[in-house]
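Chemist: Take this structure, written in structure tokens, and hold onto it; I'll ask about it next.
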Amino acid sequence: MTPLANVSTVAVDLNQLADATGTVAVFVDENGHLDQLARRVNRLTKGALERLADSDAFNDMGVGDVTRMRFPTGMAADAVVVAKLSRKCSIEDARKAGAGIAKNTGKGALLIAAGNLHRPEDVVEGVVLRNYSYQDQKSEPKPNTLDVTVMASKPDVVEPAIAPKLAVAEGVFFTRDLVTMPANVLTTTSFAEHLIALQDLGVEVEVFDEDQLEEMGMRTLLSVGHGSASPSKVVVMQWNGGAEEAPFALVGKGVVFDTGGISLKPAGGMEDMTMDMGGAGVVAGVMKALALRKAKTNVVGLVGLVENMPSDRATRPGDVVKSMKGDTVEIINTDAEGRLVLADVLWYAQERFNPSGVINLATLTGAIIIGLGHEMAGVFSNDDTLSKDFIKAATAEGEGAWRMPLAPAYDKQINSAIADMKNVGGRAAGSITAGQFLQRFIKDGMPWAHLDIAGVASVKAETAFAPKGATGWGVRALNRYIADTYEG
Ligand code: BES
Ligand code: MN
Ligand code: ZN
């Protein structure tokens, strides 16, 4: 698994600036004003920072942008990275500066000369999140180890503020690693093993095998995995950090690889379907974050782990299967498999836990990418408060989320002539009919949101806080939603 940067905090010591190796990050505000630590770096470099602050180049920088000066005179460091950030910066700008600092820092040491900057923990969050590089499949891994030292006026205040940020970043890295792992490495069985390891952090973990799932009646889920040699599994993770109250439930689609099944996908780009367990990956990341920061509430995470393969045992188009709820589904297209997995896990989550609310996550439809691209996940919900609060949390974390409609009028698209429903509703409103399908497995009055993360779970270009590839989208948003709603 990919390790986080090591982060430690020290008190301000101006004399350390000359001898620090690696990269030294300093802050200059929008007006070109140097703080005490930047002034010392300026003196060591014979006025280089002042020249920068007076330059057009500095003027052209936006708030939170950074620039790098390499091999500065008078310092042992290989580079000084200057961020344009004022002492009373916003959370957003502090995180942005952190990501910029990380992008301009090599391996080795990074000294963040924070002084009395207001939000060093948010700068650190940006640094740590951006410093990600998956190396596990390289024959000669180059671990991207970074030792970060935060030099702050009040280290005893800063250190405890950084700790929960690192907990959440660990969760994000867990999600990114799971999403990045190829499908021959992350099988249903090895995925379950990664989740069992969360027991060490105090998460209660149960794994249900195919015989047990059969007994429980999860036939729509099992129908998806029928064609694969890898056994289908459902994993239940409970974090009980609260009192006796009902838990909040997170449910994730964990298709470790989606070939489409008998409704086989075209070859071009099929390799991307290794990320089709992204929903389950986010649930795993959130559970890890909650456990590491010892969240004071109860959350249960459930994931359906299956592989969608064609074979002589695979489900055929036209087959009818019965869900755990009892409703029957005519499977028109075996590539619309995520909803079949979620239907049973959603039902089970409600039956067993009677949760205070449910959010499910899934790389569910290509149509959501047509609608929202790679900037925002689609939010489908039966509850205005839940969706408003979630979107607020996502926005605060810089993770895009946009409410999409649900309405009974779309139901006719998924009515079946021979069964209770069919699993596809045609090209029109493909993401909404998928949402309508899921809603049929939500009990009346249960606050619920479905997050379609097909466009945001893994992307082809770098984003604000991640290199290209798996983003970990949603871990921070859900962590904040849970903290603000249930721990406030
Ligand atoms: N896993 C895919 C959706 C997907 C597409 C995720 C692109 C990430 C990137 C899902 O199982 C699927 O195949 N959906 C079909 C549904 C259709 C058959 C109704 C789709 O979107 O084409
Ligand atoms: Mn599919
Ligand atoms: Zn899929």
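Chemist: Select from Ala407, Thr105, Pro231 the residue farthest towards the positive end of the dipole of the chain; place +1 on Cβ of Lys and Arg, -1 on Cβ of Asp and Glu, and compute about the Cα centre.
Modeler: The listed residue farthest towards the positive side: Thr105.
Chemist: Given axes a ≥ b ≥ c from the Cα gyration tensor, I'd like to know whether segment 6-159 is rounded (a/c under 1.5), prolate (a/b larger than b/c) or oblate.
Modeler: Numbers: a/c = 1.44, a/b = 1.37, b/c = 1.05.
Rounded, because the longest to shortest axis ratio a/c is under 1.5.
Chemist: Report, for segment 216-337, the % of DSSP beta bridges that are antiparallel, rounded to 5.
Modeler: Numbers: 11 of 21 bridges.
The answer is about 50 percent antiparallel.
Chemist: What lysines does Lys233 reach when the alpha-carbon gap must be under 25 Å and sequence neighbours fewer than 8 apart in one chain are set aside?
Modeler: Lys253, Lys265, Lys288, Lys322, Lys325, Lys422, Lys443
Chemist: First measure r as the distance between the Cβ atoms of Ile370 and Glu271, then evaluate 1/(1 + (r/R0)^6) with R0 = 30 Å and state the FRET efficiency to the nearest 0.05.
Modeler: Values: r = 21 Å, r/R0 = 0.68.
Once rounded, the FRET efficiency stands at 0.90.
Chemist: Please give the contour-minus-distance gain from Arg51 to Ala409: 0.36 nm per residue of separation, less the Cα-Cα distance, rounded to one decimal in nm. All intermediate terms of the calculation are to be shown ahead of the outcome.
Modeler: Working: separation 358, 0.36 × 358 = 128.88 nm, distance 6.42 nm.
Gain on stretching Arg51 to Ala409: 122.5 nm.
Chemist: Grab the beta carbon distance between Asp156 and His33, set R0 = 30 Å, and tell me the FRET efficiency rounded to 0.05.
Modeler: On the way: r = 26 Å, r/R0 = 0.88.
Computed FRET efficiency for Asp156 and His33 comes out at 0.70.
Chemist: Among the GluC sites (Glu not before Pro) in segment 397-488, which ones are in a DSSP loop with at most 15 other Cβ atoms within 10 Å of the Cβ? Mind listing them?
Modeler: On the way: sites: Glu397, Glu399, Glu462, Glu487; in loops: Glu397, Glu399, Glu462, Glu487.
Filter output for segment 397-488: Glu462, Glu487.
Chemist: Related question: How much length would be gained if the chain were fully extended between Arg427 and Glu351, taking 0.36 nm per residue of separation minus their Cα-Cα distance, in nm to one decimal? Intermediate results must be reported in sequence, preceding the final value.
Modeler: Numbers: separation 76, 0.36 × 76 = 27.36 nm, distance 3.25 nm.
In short, 24.1 nm is gained.
Chemist: Pull out a ≥ b ≥ c, the square roots of the eigenvalues of the alpha-carbon gyration tensor of segment 356-426, then state rounded if a/c is under 1.5, prolate if not and a/b is larger than b/c, and oblate in the remaining case.
Modeler: Working: a/c = 2.68, a/b = 1.71, b/c = 1.57.
It is prolate, given that a/c is not under 1.5 and a/b is the larger ratio.
Chemist: Additional query: For a distance above 22 Å, tell me the whole-number percent of Cα pairs in segment 370-478 that qualify.
Modeler: Details: 2220 of 5886 pairs.
The calculated P(r) of segment 370-478 puts 38 percent of pairs beyond 22 Å.
Chemist: Quick check on segment 186-487: of the DSSP beta bridges with both residues there, what percent are antiparallel, nearest 5%? Let's see the in-between values first.
Modeler: Numbers: 23 of 49 bridges.
Within segment 186-487, antiparallel bridges account for around 45 percent of the total.
Chemist: Please work out how much accessible surface Lys322 shows to a 1.4 Å probe, ignoring ligands, DNA and RNA, in Å² rounded to 10.
Modeler: For Lys322, the solvent-accessible surface is approximately 100 Å².
Chemist: Among Arg176, Arg427, Arg87, what's the order by accessible area (1.4 angstrom probe), most exposed first? Mind dumping the intermediate values first?
Modeler: Details: Arg176 5, Arg427 230, Arg87 110 Å².
My answer, sorted largest first, is Arg427, Arg87, Arg176.
Chemist: Give the aspartates and glutamates reachable from Lys46 as a straight Cα distance under 18 Å; neighbours fewer than 8 places away on the same chain don't count.
Modeler: Asp19, Asp35, Asp54, Asp78
Chemist: If you don't mind, there's one more thing I want to ask. Normalising by the residue count of the chain, find the relative contact order in percent from Cα pairs under 8 Å and 6+ residues apart.
Modeler: Working: 1171 pairs, mean separation 70.6, N = 488.
Contact order relative to length: 14 percent.
Chemist: Taking R0 as 22 Å, what's the FRET efficiency between Asp19 and Lys107 from their Cβ-Cβ distance, rounded to 0.05?
Modeler: On the way: r = 19 Å, r/R0 = 0.86.
Computed FRET efficiency for Asp19 and Lys107: 0.70.
Chemist: Between 0 and 90 degrees, rounded to the nearest ten: what's the tilt of helix 338-353 against the longest Cα principal axis of the chain?
Modeler: Approximately 90 degrees, to the nearest ten.
Chemist: Roughly what angle does helix 155-180 make with the longest principal axis of the chain, taking Cα atoms, 0 to 90 degrees, to the nearest 10?
Modeler: Rounded to the nearest ten degrees, it is 40.
Chemist: In the chain, carbon and sulfur make up what percent of the accessible area (probe 1.4 Å)?
Modeler: Numbers: 9660 of 19590 Å².
Answer for the chain: carbon and sulfur cover 49 percent of the accessible area.
Chemist: If you don't mind, there's one more thing I want to ask. List the lysines whose Cα lies under 23 Å from the Cα of Lys96, skipping any in the same chain that are fewer than 8 positions away.
Modeler: Excluding near neighbours in sequence, the set is Lys84, Lys88, Lys107, Lys154, Lys165, Lys392, Lys460, Lys468.
Chemist: Sticking with this one: Would you please classify the overall shape of segment 345-394 from the alpha carbon gyration tensor, given that a ≥ b ≥ c denote the square roots of the eigenvalues, rounded means a/c under 1.5, and beyond that prolate means a/b larger than b/c while oblate covers the rest? Kindly include the intermediate steps, with their values, before the conclusion.
Modeler: Details: a/c = 3.06, a/b = 1.53, b/c = 2.00.
The shape class here is oblate.
Chemist: How many Å² of accessible area per residue for segment 186-487, probe 1.4 Å?
Modeler: Numbers: 11260 Å² over 302 residues.
Here the residues of segment 186-487 average 37 Å² of exposed surface.
Chemist: Then there's this: Using just the helices of the chain, give the 222 nm mean residue ellipticity in deg cm²/dmol: DSSP H runs with n ≥ 4 each add -39,500 (n - 2.57), and the total is spread over all residues, rounded to 500. Write down the numbers at each step before the final one.
Modeler: Numbers: 16 runs with 169 residues, N = 488.
-10500 deg cm²/dmol, from helical runs alone.
Chemist: Between helix 278-292 and the chain, what is the angle of the helix's C-alpha long axis to the longest principal axis, kept within 0 to 90° and rounded to the nearest 10?
Modeler: Its long axis makes an angle of about 50 degrees.
Chemist: Another question about this same structure. Going from most exposed to least, what order do Ser153, Ser86, Ser139 have by accessible area with a 1.4 Å probe? Mind showing how you got there, number by number?
Modeler: Values: Ser153 65, Ser86 25, Ser139 115 Å².
From most accessible down to least: Ser139, Ser153, Ser86.
Chemist: What accessible area per residue comes out for segment 6-159, rounded to a whole number of Å², with a 1.4 Å probe?
Modeler: On the way: 7260 Å² over 154 residues.
So segment 6-159 comes to 47 Å² accessible per residue, rounded to a whole number.
Chemist: From the mean inverse distance of alpha carbon pairs (Kirkwood) and the Cα radius of gyration, derive Rg over Rh for the chain. Display every interim value, and only then the final one.
Modeler: Values: Rg = 24.2 Å, Rh = 23.5 Å.
Computed over Cα atoms, the ratio is 1.03.
Chemist: Moving on. Could you pull out the GluC sites (Glu not before Pro) across segment 20-97 that fall in loop regions by DSSP (anything but H, G, I, E, B) with no more than 16 other Cβ atoms inside 10 Å?
Modeler: Numbers: sites: Glu30, Glu50, Glu92; in loops: Glu30.
Here the sparse-neighbourhood loop sites are Glu30.
The values are calculated or read from the model by the stated rules, or taken from the named source; none is laboratory data. Quick caveat, the model's predicted, so the values are computed rather than measured. Don't worry about glycine lacking a Cβ; one is built from the backbone with ideal geometry, like all the others, and counts go over all protein chains shown. Quick note on the areas: whole protein, heavy atoms, side chains included, nothing else; ligands and nucleic acids left out. Shrake-Rupley method; radii C 1.70, N 1.55, O 1.52, S 1.80 Å.
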